[in-house]
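To start, the structure itself, in structure tokens.
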Amino acid sequence: MTETTTVTVTKKAGTTQEEATLKNACMYAWLAASITAVAVALSVPPMRSIIEQSMAWHMVVQMPLLVLGGWLAARALPSMAAFRRLAAFNQMGLTGFILAQVITAYWMLPLAIDRAVVLPLFDVLKLLTLFISGLLLADAFRRAPAALQLFFIGYWVSMMAWLGIYLATTDLRLCNAYSLQGQVSTGWSLLALGAALGAAWLTNTCLTGAFQKSAVNATK
């Protein structure tokens with residue numbers, strides 16, 4: 001009788017956990033679809049005029065939304081077969097971090113930004129690669145210890161801070177598609193985004209105790 005009761009309780013617990021996992025996956029999928037749809041809509045008329053006229057909307061709104069959409073999509077599919085197959089090539093998330101770093105750094109180049117504004121096919125490439133970088137980052141952060149995360153977060157924050165300050169203070173118009181005034185406002189916005197990114201990671205790390213967990217794992 002006791003064994004039967006134990007099995008029943010175990011089955012109910014397993015079912016409850018599966019339902020919770022499914023609900024979380026559906027929530028992440030809905031968020032990913034919504035955010036990605038907004039980002040893609042900014043590249044399609046009539047909303048395309050927004051990113052054609054505003055460098056800040058292009059760099060500080062649309063591009064981060066694409067990365068966030070990819071991140072949330074990966075959270076909706078934590079056991080995606082592609083991630084399992086690539087696990088051997090993504091030890092501690094290093095490969096994912098490096099590829100995402102290359103993608104995001106490229107789309108911060110003034111030449112790449114101009115091409116995305118002028119050439120529709122180039123803009124499609126931007127949409128795809130930034131979404132993929134979000135997928136890669138989600139998997140990389142899941143695998144990487146806190147110290148490795150800190151290294152790459154530090155790189156991204158410092159890159160965004162340097163570029164933001166440069167855009168805000170230089171007298172040179174770096175992007176032909178945008179005005180100097182728009183470049184200045186984008187620079188300050190990019191600096192704020194970098195600071196927010198660093199603060200968000202640090203807060204999450206402190207709340208989850210990631211550094212303590214890494215230290216415990218290192219001593220085992």
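What follows is calculated from the coordinates using simple rules that are stated; it is not laboratory data. Note that the structure is predicted; figures quoted are calculated from it, not measured. Ideal geometry is used to build each Cβ from the backbone, glycine not excepted, and the neighbour counts take in all protein chains shown.
For segment 51-60, the Karplus equation 6.51 cos²θ - 1.76 cosθ + 1.60, evaluated at θ = phi - 60°, returns couplings of 6, 6, 9, 10, 5, 5, 4, 6, 8, 9 Hz by residue, with Gly and Pro reported as x.
Take the Cα of Ala200, step 7 Å toward its Cβ, do the same at Gln91, and the gap between the two points is 3.1 nm. Take 110-117, 187-194, 170-177, 89-96 and order them by the average number of nearby Cβ atoms within 10 Å per residue, most first; the result is 187-194, 110-117, 89-96, 170-177.
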